[in-house]
Amino acid sequence: MPTQLTYRITPRTVAVNVDRDLGFFAQDRWSVGRLTLSGGIRFDQFKNSFPPQSIAPTALAPNLNVRYDTIQNLNWKDVTPKLGATYDLFGTGRTALKVTLNKYLAGLGTTGSLSDPPNPINRLVTQTTRPWNDSFYPAGDPRRQNFKPDCDLLNYQPNGECGVLQNAAVFGTVTPGTTYDPDLLVGWGKRDFNWEFTTSVQHEVVPRVSLEVQYARRWYGNFRVQDDLAVGPGDYDRFTITTPSDSRLPDGGGYPLTGYDLKPTASITQNNFVTLANNFGNQTEHFDGMNITVNARLQNGLVVQGGSGLGRVVTNDCEIVEKLPETLHQFLNNNTRSFVFTARPLERCEENRGLRTRYQGLAAYTIPKIDVQVSGTFQNLPGVGVNANANIATASTDLGRPFSAGPFRSFNIVESGALYVERLNQLDFRVSKIFRYGATRTGINFDLYNIFNANSVIAENSTYAPPPSTACRT
């Protein structure tokens, strides 16, 4: 049964110019006894703009007709350090202690990050929804359940089978649905970044065979949030969800989760303002990992490398959610009030995605005289995480009223990192004939990919459905 209409303003074209993508760096290395230090510093500037553009009327937005002149967008500057040290622990040249600390910046181009979202055409409300009740007319009326929206589509207020259009005040107008903090778009240190710290010990076990153990930590910064200025925390009702009892869910299901729903009295028009998350509180994401690697380059031409790594990701935006509950309900990182898109329960503001372990290895051997190289790779990788996006009806909550955006809401009822599909085991094989002529070397390769035809799941439909009743099973 149809429950919703989606309005889109198409076609439309947006244009972005990269005016400057500049980097200067200096680096050096110093050795003192058994200690080697390396250091570097880099200056980056990224600047872009939007050339003259226009957007014309469309069938669902007949009054939209506007032209924009050139608009300056980003002008970001950053200075990032690179630091490293290596120390010969015993002075024998066989055991090295290594430490690095580096800062990295997000790559930028014509799309993504803040390169094109502030474009004036992208900032317009070009997509929205309205409820649709195809059973609105009485039985016997040919308009009932005919799968056609029997209403005036250009009348954004309730009429016929159609409810009020979300964002009716700004859809199809030149009023932007999203604005950007000017302080975010210009200045020093505003670009997405991550720091990475590593420390490792590498030891030569026997000649041509080494063992390395490494710890790595990576943490991220300059998160951005959308603040819906039309509402505040007081415009939301908090309620408890009772998840279904199901043996496929952690602990058999039946556990409580917390959700938020806009009050019926809240403004129906979104007014998103994008700014740095630290204006509202602390948001964190970090990765911790351990790696063990063995490298062997033997005199007979055999090369073997293998190892294991484990790591986990932990995220937390609870301070942000407390002030901006709308961040629990997003689609493609944008706030949405459409009940079709899945929301996070409050408990998911902090997530430990669990330790994941991987095993990988390779071997290569060149047969002398005939110059044929035989090689293979093996990988045992963690399976993808499982989500369970369940449609929760009001009756399964203690909200005490119907949801504001439709007959149900979709929530991910499985904690991130709690469930995974099967692991991937894959073996690849290659035979390569090498031809040498003067200083050149050419190889003709024959590859067997996935020799044992591993068919582990690599993606899964995350929509949750209750298990079939016992009476229906065969």
| query | If Lys and Arg each add +1 and Asp and Glu each add -1, what is the summed charge of the other residues whose beta carbon sits under 9 Å from the beta carbon of N352? | reply | -1
| message | Please report the equivalent ellipsoid semi-axes of the chain, computed as sqrt(5 x eigenvalue) of the Cα gyration tensor, largest first, in whole Å. | response | 50, 31, 25
| Across all directions of projection, what mean area in square nanometres is found for the Cα convex hull of the range 318-474? | 17.0
| Net charge over other residues, Cβ less than 11 angstrom from the Cβ of F43 (K, R count +1; D, E count -1) | 0
| task | Quick one: net charge around D150, please, counting Lys, Arg +1 and Asp, Glu -1 for every other residue with C-beta under 11 Å from its C-beta. | result | -1
| query | Kirkwood Rh over Cα pairs of the range 108-225 into Stokes-Einstein at 20 °C, 1.002 mPa s: D in µm²/s? | reply | 106
| For the range 264-330, what percent of Cα pairs sit more than 19 Å apart? | 61
| message | Let me make sure I get this right: for the range 168-234, a, b and c are the square roots of the gyration tensor eigenvalues over alpha carbons, sorted descending. Under 1.5 in a/c it's rounded, otherwise prolate if a/b > b/c, else oblate. Which is it? | response | prolate
| field | Solvent-accessible area per residue for the chain (1.4 angstrom probe, square angstrom) | value | 55
| message | Helix-only mean residue ellipticity at 222 nm, the chain, DSSP H runs n ≥ 4 weighted -39,500 (n - 2.57), per residue, nearest 500. What is it? | response | -500 deg cm²/dmol
| task | Kindly rank 184-190, 320-326 from highest to lowest mean number of other beta carbons found within 10 Å of each residue. | result | 320-326, 184-190
| query | Which three extents, in whole angstrom, do the alpha-carbon atoms of the range 250-396 cover along their principal axes, largest first? | reply | 83, 39, 25
| remark: Given all pairs of distinct Cα atoms, the range 99-143 yields a Kirkwood Rh in Å of 16.1
| request: Express in whole angstrom the spacing between the alpha-carbon centres of the range 395-474 and the range 1-73. | output: 31
| request: Determine the dipole magnitude for the range 135-255: charges of +1 sit on the beta-carbon of Lys and Arg, -1 on that of Asp and Glu, nothing else is charged, the reference point is the Cα centre, and the result goes in debye to the nearest 20. | output: 340
| request: Just need log10 I(q)/I(0) for the range 388-464 at q = 0.18 Å⁻¹, Debye formula, equal scatterers on the alpha-carbon atoms, no solvent, rounded to two decimals. | output: -0.88
| Volume of the Cα convex hull of the range 322-411, divided per residue and given in Å³ | 169
| Can you pull the Kirkwood radius for the range 1-58, inverse mean 1/r over Cα pairs, to one decimal in Å? | 17.4
| task | Can you tell me the dipole magnitude for the chain around its Cα centre, using point charges on the Cβ only (Lys, Arg +1; Asp, Glu -1), in Debye to the nearest 20? | result | 1600
| query | For K98 and Q27, FRET efficiency with R0 = 22 Å and r from the beta-carbon atoms, rounded to 0.05? | reply | 0.85
| Which percent of the accessible area of the chain is formed by carbon and sulfur heavy atoms (probe 1.4 angstrom)? | 55
| message | Tell me the volume per residue, in Å³, of the convex hull enclosing the alpha carbons of the range 205-262. | response | 216
| query | Taking the Cα-to-Cβ direction at K148 and at A169 and moving 7 Å from each Cα, how far apart do the two end points lie in nm? | reply | 3.5
| remark: Note on the chain, DSSP bridge orientation, antiparallel percent to nearest 5 equals 95
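The values are calculated or read from the model by the stated rules, or taken from the named source; none is laboratory data. These numbers were taken from a predicted model, which means no experiment stands behind them. Methodologically, a virtual Cβ is constructed for each residue, glycine included, from the backbone with ideal geometry; neighbour enumeration extends over all protein chains shown. Heads up: the accessible areas ignore ligands, DNA and RNA and are worked out on the full protein's heavy atoms, side chains in. Shrake-Rupley method; radii C 1.70, N 1.55, O 1.52, S 1.80 Å.
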